[in-house]
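The values are calculated or read from the model by the stated rules, or taken from the named source; none is laboratory data. Nothing here was measured: the structure is a model prediction, and the numbers come from that model. Don't worry about glycine lacking a Cβ; one is built from the backbone with ideal geometry, like all the others, and counts go over all protein chains shown. These accessible areas exclude ligands, DNA and RNA; they are computed on the full protein's heavy atoms, side chains included. Shrake-Rupley method; radii C 1.70, N 1.55, O 1.52, S 1.80 Å.
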Amino acid sequence: MLRSGDSFGEIALLRDVPRTAGAEARTSARLYGLDRDTFVAAVTGHADSEAAAEATIATRLGVRRPDAGF
């Protein structure tokens, strides 16, 4: 279950692949979206955010892909 401040969809944006999951709101929600180019530029433009994104992907997919670039 996602809570306020959580995110989803980053794997599809970073890897340019189909989404790995879906989401459905059970209550009112405010969502913000970014297109792939904007998201990738924001994440890869700073080493700490890129490392955090890689860690999130590894956690959610259960694997680490050291050769995978954005």
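General remarks:
- Failed item, numbered, when I57 is tested on (1) open to solvent by less than 90 Å² (accessible area, probe 1.4 Å); (2) in a loop (DSSP other than H, G, I, E, B); (3) not acidic (D, E): (2)
- Matching residues, segment 5-16, being open to solvent by less than 70 Å² (accessible area, probe 1.4 Å) and on the phi > 0 side of the Ramachandran plot: G9
- Of all residues making up segment 17-37, the number that are surrounded by 10 or more Cβ atoms within 10 Å (Cβ to Cβ) and touching a helix residue (DSSP H, G or I) at 6+ places or on another chain (Cβ under 9 Å): 4
- Annotation note: Cβ proximity below 6 Å between a residue of segment 9-33 that is free of Cβ contacts under 8 Å to residues at least 40 places away in the same chain and closer than 17 Å to T59 by Cβ and a residue that is in a loop (DSSP other than H, G, I, E, B) and not hydrophobic (A, V, I, L, M, F, W, C) (sequence gap 6+ or interchain) occurs for A12/R19.
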